[in-house]
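Below you'll find the structure, written out as structure tokens, and then a few comments.
Computed from the coordinates by the stated procedures, all read-outs in this text should not be read as laboratory data. Predicted model, so just to flag it, every value in this text is computed and none were measured. FYI the Cβ positions are ideal-geometry reconstructions off the backbone, even for glycines, and counts take in every protein chain you see.
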């Protein structure tokens, strides 16, 4: 799997499939993503979809020209449908070969588009795991996606200063731990986390 051939659809569809399993009465409950509640995590997903869609289109503007702020603790009433639409759009825009060419801007950072695409995919995949774990749902990423993101995320695994503000320290797992658990551990999350 190369950067230019990564299909976001298996990941975006997987995350979209979690949304009906989110209990509106539990939106203030914790997630494995730092101090984010479920509502904040969902708002973060809503925002990052806009930012990385704009990045794929080569756009600049309010969705991607500054680092994201703290996500809101309340969700708009139609958040499920809106997030499903934004995830589908994100997958669609990154399916264009041109999205992976040149530079791209998101979160106030400009990167080669081939790297930004991996950042976008990683954000959706890992936050999808956060949401699944927080809401007690199954979550199994495509093995090819796991391998691509493990290689990408593991680049700075032994340099915490390079990971500062992005990931916590790598969680140590047995060498024979499942590959998806190893990916999650690289992001500073404990694969055994439960609400």
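Reducing region 50-73 and region 76-145 to their Cα centroids gives an inter-centroid distance of 12 Å. When 193, 79 are arranged by Cβ crowding within 10 Å, least crowded first, meaning fewest neighbours, the order is 193, 79. For region 19-83, the direction-averaged projected area of the alpha-carbon convex hull comes to 4.9 nm².
Working note: 222 nm ellipticity from helices only, DSSP H runs with n ≥ 4, each -39,500 (n - 2.57), summed and divided by the residues of the chain, gives -14500 deg cm²/dmol to the nearest 500.
A Gaussian network model of the chain, with springs between Cα atoms under 10 Å, assigns the largest mean-square fluctuation among 68, 32, 174 to 174. Here the gap between residue 177 and residue 192, fully extended at 0.36 nm per residue and compared with their Cα-Cα distance, gives a gain of 4.3 nm.
Could you list log10 I(q)/I(0) for region 3-145 at q = 0.11, 0.14, 0.19 Å⁻¹, which the Debye formula gives when each Cα is one point scatterer? Reported log10 I(q)/I(0), two decimals: -0.37, -0.61, -1.11. Note on residue 57/residue 147: beta-carbon distance plugged into 1/(1 + (r/R0)^6) with R0 of 35 Å gives a FRET efficiency of 0.80.
Of the residues 173, 42, 118, the one that moves most in a GNM of the chain with alpha-carbon contacts below 10 Å is 173.
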